[in-house]
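Below: one structure, written as structure tokens.
FYI, it's all coordinate maths here, none of it is from the lab. It should be emphasised that the depicted structure is a prediction, and the values quoted were computed from it without experimental measurement. When we count neighbours, we look across all protein chains shown, and the Cβ atoms used for this are built from the backbone with ideal geometry, even at glycine.
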Amino acid sequence: MNNRKIIAGNWKMNLDYNESKELIQNIASSEDDFNSDAEVVVFPSMPFLSVFHELLKDNNVRLGAQNCYVKNSGAFTGETSPTQLKSLGVSYCLVGHSERRDYFTEDYELLAKKIKALLEVNITPVFCCGEKLQVRESNVYKEFVMRQIEESLFSLSPQDLSKVVIAYEPVWAIGTGKTATAEQAQEIHHLIRNRIAKDFGEKTANSMSILYGGSMKPDNARELLAQKDIDGGLIGGASLDADMFAQISTSYSE
Ligand code: 13P
């Protein structure tokens, strides 16, 4: 179970360069406050990755990117390729965050391509899924999340799938202060793992990290992280504060 613990901070489009640098320095210098059994990953804005890679050089904190394109080079103005990210020391990349699905109309097929492109250069994709409030209330949320998983991940080989991290982020819990209850989150995490086990085998399913995201804070992290199928967190707002981020990382039960 230990190898599955990941605490990740998605900074989104927050903080300017100086503010971001201060935060990353705070996180790096308080390494002892973080859970040494968990992989700690930060996802700052793209332009800062290169400098932050240097700052984290002697540290166990890993660097992630919030987005990438599907091609490795070419005439794609404004995009960043997996190869370019790799050359900056990036270890993880978010794929399919609900904000990208919503505002940038990213669909199943594009997300599947991004995942393959990242795996080719050995960057771990963190595949985000989750339903909106309307879907939750219409009671087809389980089918909805399973479809997101099947459409973007199920064409991978078992070896490749086992390298992917999944983050279940119910959209109604993102940035709203309204966290899913531990039971609501565990229900979906368990379904995801079972669904993967059905097609790819128990070994693959059990080796994968499934993170919860959506208003995770120090005061609710312990209950969420105590659930059998919740291996870690993808944290937005609370990851902008080094102390809160560290506290969440130490909220695993013994
Ligand atoms: P909040 O923790 O701010 O709800 O954001 C969650 C999220 O979207 C992480 O990717």
- Note on the structure: Of the candidates SER91, SER98, the one satisfying the condition of being within 16 Å of the ligand (Cβ to nearest atom), under 20 Å from ILE235 (Cβ atoms) and out of contact with any Phe, Trp or Tyr (no Cβ under 9 Å at 6 or more places or on another chain) is SER98
- Note on the structure: Among the residues of region 101-115, the number that are within 16 Å of the ligand (Cβ to nearest atom), surrounded by fewer than 19 Cβ atoms within 10 Å (Cβ to Cβ) and outside any helix (DSSP H, G or I) is 1
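Within region 170-227, can you find the residues that are charged (D, E, K, R) and either over 19 Å from PHE245 (Cα atoms) or buried (at least 23 other Cβ atoms within 10 Å of the Cβ) (or both)? Talk me through it step by step, then tell me what you get.
Step one: list which residues in region 170-227 are charged (D, E, K, R), which gives 178, 183, 187, 193, 195, 198-199, 202-203, 217, 219, 222-223.
Matches in region 170-227: GLU183, GLU187, ARG193, ARG195, LYS198, ASP199, GLU202, LYS203.
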- Query: Which members of region 116-134 meet the condition of being surrounded by fewer than 24 Cβ atoms within 10 Å (Cβ to Cβ) and part of a helix (DSSP H, G or I)?
  - Reply: LYS116, ALA117, LEU119, GLU120, LEU133, GLN134
- Query: (1) in contact with a Leu (Cβ under 6 Å, 6 or more places away or on another chain); (2) of a type in the set (S, T, N, Q); (3) assigned to a loop (DSSP other than H, G, I, E, B): which one isn't true of ASN59, the others all being true?
  - Reply: (1)
- Being among the polar types (S, T, N, Q), away from the ligand (no atom under 16 Å from the Cβ), more than 17 Å from the chain's Cα centre (by Cα) and within 18 Å of PHE34 (Cα to Cα), is that true of even one residue in region 238-253? yes
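Listed here are the residues, each with its yes/no results for (1) of a type in the set (Asp, Glu); (2) touching a Leu at 6+ places or on another chain (Cβ under 8 Å); (3) within 10 Å of the ligand (Cβ to nearest atom).
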{"site": "GLN148", "(1), (2), (3)": "no, no, no"}
{"site": "LEU153", "(1), (2), (3)": "no, yes, no"}
{"site": "GLN159", "(1), (2), (3)": "no, no, no"}
{"site": "TYR168", "(1), (2), (3)": "no, yes, no"}
{"site": "VAL171", "(1), (2), (3)": "no, yes, yes"}
{"site": "ALA182", "(1), (2), (3)": "no, yes, no"}
{"site": "ALA185", "(1), (2), (3)": "no, yes, no"}
{"site": "ILE188", "(1), (2), (3)": "no, no, no"}
- Item | Matching residues in region 1-33 - criterion: being crowded, with 21+ Cβ neighbours inside 10 Å and either more than 16 Å from the chain's Cα centre (by Cα) or part of a loop (DSSP other than H, G, I, E, B) (or both) | TRP11, LEU23, ILE24, ILE27
- Query: Within the bounds of region 37-52, is there any residue that is more than 19 Å from the chain's Cα centre (by Cα), more than 23 Å from ASP231 (Cα to Cα) and part of a loop (DSSP other than H, G, I, E, B)?
  - Reply: no
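Evaluate the following for ASP229: is it part of a loop (DSSP other than H, G, I, E, B), acidic (Asp, Glu) and out of contact with any Gly (no Cβ under 9 Å at 6 or more places or on another chain)?
So ASP229 fits the description; yes.
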- Item | ALA185 being among the aliphatic types (A, V, I, L, M), under 18 Å from the mean Cα position of the chain (by Cα), under 25 Å from ASP37 (Cα atoms) and assigned to a helix (DSSP H, G or I) | yes
- Message: Given the criterion part of a helix (DSSP H, G or I), without any contact (Cβ under 8 Å) to a residue 12 or more places away in the chain and over 16 Å from the mean Cα position of the chain (by Cα), identify the matching residue among ALA197, ALA205.
- Response: ALA197
